[in-house]
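S.K.: Before we start, here is the structure in question, set down as structure tokens.
The values are calculated or read from the model by the stated rules, or taken from the named source; none is laboratory data. Source: prediction; values computed, not measured. FYI the Cβ positions are ideal-geometry reconstructions off the backbone, even for glycines, and counts take in every protein chain you see.
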Number of protein chains: 2
Amino acid sequence: MQFDDKVPIYYQIKNHIYHEMMTGQLAAGAKLPAVRQLAVDLTVNVNTVQRALGEMIQEGTIESQRGKGNFVTTDTTRIAQLKEQLVVEQLERVYQQLHALNLSDDEIITSLKQYIEQRGQQHD
Amino acid sequence: MQFDDKVPIYYQIKNHIYHEMMTGQLAAGAKLPAVRQLAVDLTVNVNTVQRALGEMIQEGTIESQRGKGNFVTTDTTRIAQLKEQLVVEQLERVYQQLHALNLSDDEIITSLKQYIEQRGQQHD
DNA sequence: TATAGTGTAATAGTAGAATAGAACACTAGG
DNA sequence: CCTAGTGTTCTATTCTACTATTACACTATA
């Protein structure tokens, strides 16, 4: 896996797993790959995986069963809340950053629209 | 100054200075505060300031004059390009992140609009 | 020419992230 | 009961960001 060295790997692993949860690759109640397998897949150490999972267990995002494995919570409401929270965090950050670059509210929206339009022409 | 411990301080200092350049607090050709003063203002070590400035000097964003000080480049085209680049970087990142959370192009734009609208009602 | 203000560089030490490796605890199935 | 698969924990080590401190190089000016 590709990592941005500007941000801790364990943090990026959390986002990676969130991604799979939100896209349905990891449905509610699903069993995650074994920590040692995850470590291999992500080309990362087991302890780093464990650190990421540890935080997600604290959050209630996943549930750990010793000897069995780690499982996505079956609480779909919890997952929906999590998604909303993650989206808002992203929006807050980009808004703050673009505002700091002196873009007005309208300019922020417009520039995003333009970016997506141009992107649509070139890719996908 | 407030720092996010998920990203290197020297990196956040660069953004801080970019911010002041884009908002005109640091106009083209303007002299930056002395590195030791910046260190005090940002409650950070001189070497950390120097690391941030060093990268900006490499970029051509600021110019260093030994014994005199550091100055914002007078090349306004360069500054405009930099701003465009920084904006696009932010857009790319938020697009990728929200896309990873399974939001469609339209949902991304809509959610940003909603966020800004709600924000406008509560703040400022 | 002396001094204060500036950028630059080097050293040494601290803390946190990440790694490697081993050991321990629990579960399921033969 | 044994074994394989699982999560959990611990120690030691490496690397990088950051800090603290000092010294050096250059500029302007009194």
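S.K.: If you scan region B:45-57, which residues turn out to be within 12 Å of DNA strand D (Cβ to nearest atom) and surrounded by 19 or more Cβ atoms within 10 Å (Cβ to Cβ)?
M.R.: If the condition is that a residue be within 12 Å of DNA strand D (Cβ to nearest atom) and surrounded by 19 or more Cβ atoms within 10 Å (Cβ to Cβ), then B:VAL49, B:ALA52 are the ones that fit.
S.K.: Considering only residues that are in a helix (DSSP H, G or I) and at the interface with another protein chain (Cβ under 9 Å from one of its Cβ atoms), which ones fall in region A:8-22?
M.R.: Those that are in a helix (DSSP H, G or I) and at the interface with another protein chain (Cβ under 9 Å from one of its Cβ atoms): A:TYR11, A:ASN15, A:HIS16, A:TYR18, A:HIS19, A:MET22.
S.K.: Could you say whether any residue in region A:76-98 is out of contact with any strand residue (DSSP E or B) (no Cβ under 7 Å at 6 or more places or on another chain) and within 14 Å of DNA strand D (Cβ to nearest atom)?
M.R.: Pass one, region A:76-98, residues out of contact with any strand residue (DSSP E or B) (no Cβ under 7 Å at 6 or more places or on another chain): A:76-98.
Filter once more, keeping what is within 14 Å of DNA strand D (Cβ to nearest atom): none.
Scanning region A:76-98, I find no residue that is out of contact with any strand residue (DSSP E or B) (no Cβ under 7 Å at 6 or more places or on another chain) and within 14 Å of DNA strand D (Cβ to nearest atom), so the answer is no.
S.K.: Take the conditions away from DNA strand C (no atom under 11 Å from the Cβ) and part of a helix (DSSP H, G or I) and apply them to B:GLN25. Does it pass?
M.R.: No: the conditions fail for B:GLN25.
S.K.: For region A:85-97, enumerate the residues that are more than 12 Å from the chain's Cα centre (by Cα) and either closer than 16 Å to B:GLN96 by Cα or surrounded by 15 or more Cβ atoms within 10 Å (Cβ to Cβ) (or both).
M.R.: Keep residues of region A:85-97 that are more than 12 Å from the chain's Cα centre (by Cα), which gives A:88, A:91-97.
Within region A:85-97, A:VAL88, A:LEU91, A:GLU92, A:ARG93, A:VAL94, A:TYR95, A:GLN97 meet the criteria.
S.K.: Among what's in region A:60-80 and is among the polar types (S, T, N, Q) and more than 16 Å from DNA strand C (Cβ to nearest atom), pick the residue that is surrounded by the fewest Cβ atoms within 10 Å (Cβ to Cβ).
M.R.: Among those that are among the polar types (S, T, N, Q) and more than 16 Å from DNA strand C (Cβ to nearest atom), it is A:THR77.
S.K.: Step by step: first the residues of region A:49-75, then only those that are farther than 18 Å from A:GLY24 by Cβ and of a type in the set (A, V, I, L, M, F, W, C), then the one that is farthest from the other protein chains (Cβ to nearest Cβ). Which residue is that?
M.R.: Residue satisfying both the conditions and the ranking: A:ILE57.
S.K.: If you take the residues of region B:1-17 that are within 17 Å of A:LYS6 (Cα to Cα) and among the β-branched types (Val, Ile, Thr), which of them is nearest to DNA strand D (Cβ to nearest atom)?
M.R.: B:ILE9
S.K.: In this structure, is B:ARG36 of a type in the set (Lys, Arg) and within 16 Å of DNA strand D (Cβ to nearest atom)?
M.R.: Taking the combined requirement at face value, the residue satisfies it.
S.K.: Quick check on this structure: which one of A:LEU91, A:LEU86 is over 27 Å from B:GLU84 (Cβ atoms) and not assigned by TED's automatic domain parsing to the domain that holds A:ARG36?
M.R.: It is A:LEU86.
S.K.: From the set of residues in region A:18-37 that are surrounded by 14 or more Cβ atoms within 10 Å (Cβ to Cβ) and without any contact (Cβ under 8 Å) to a residue 12 or more places away in the chain, which is farthest from A:PHE3 (Cα to Cα)?
M.R.: A:PRO33
S.K.: Here is a follow-up. Among residues belonging to region B:76-124 that are within 17 Å of A:VAL88 (Cβ to Cβ) and not in a helix (DSSP H, G or I), point out the one that is farthest from the other protein chains (Cβ to nearest Cβ).
M.R.: In this case the residue turns out to be B:HIS123.
S.K.: I'd like to know if region B:26-49 contains one or more residues that are of a type in the set (A, V, I, L, M) and under 24 Å from A:GLU117 (Cβ atoms). Full working, then the answer.
M.R.: As a first pass, look at region B:26-49 and keep what is of a type in the set (A, V, I, L, M): B:26-28, B:30, B:32, B:34-35, B:38-40, B:42, B:44, B:46, B:49.
Next, only the ones that are under 24 Å from A:GLU117 (Cβ atoms) stay: none.
No, region B:26-49 has no match at all.
S.K.: Select from region B:28-50 the residues that are in a loop (DSSP other than H, G, I, E, B) and within 15 Å of DNA strand C (Cβ to nearest atom) and list them in ascending order.
M.R.: Listed by number, the residues that qualify are B:GLY29, B:ALA30, B:LEU32, B:PRO33, B:ALA34, B:LEU42, B:VAL44, B:ASN45.
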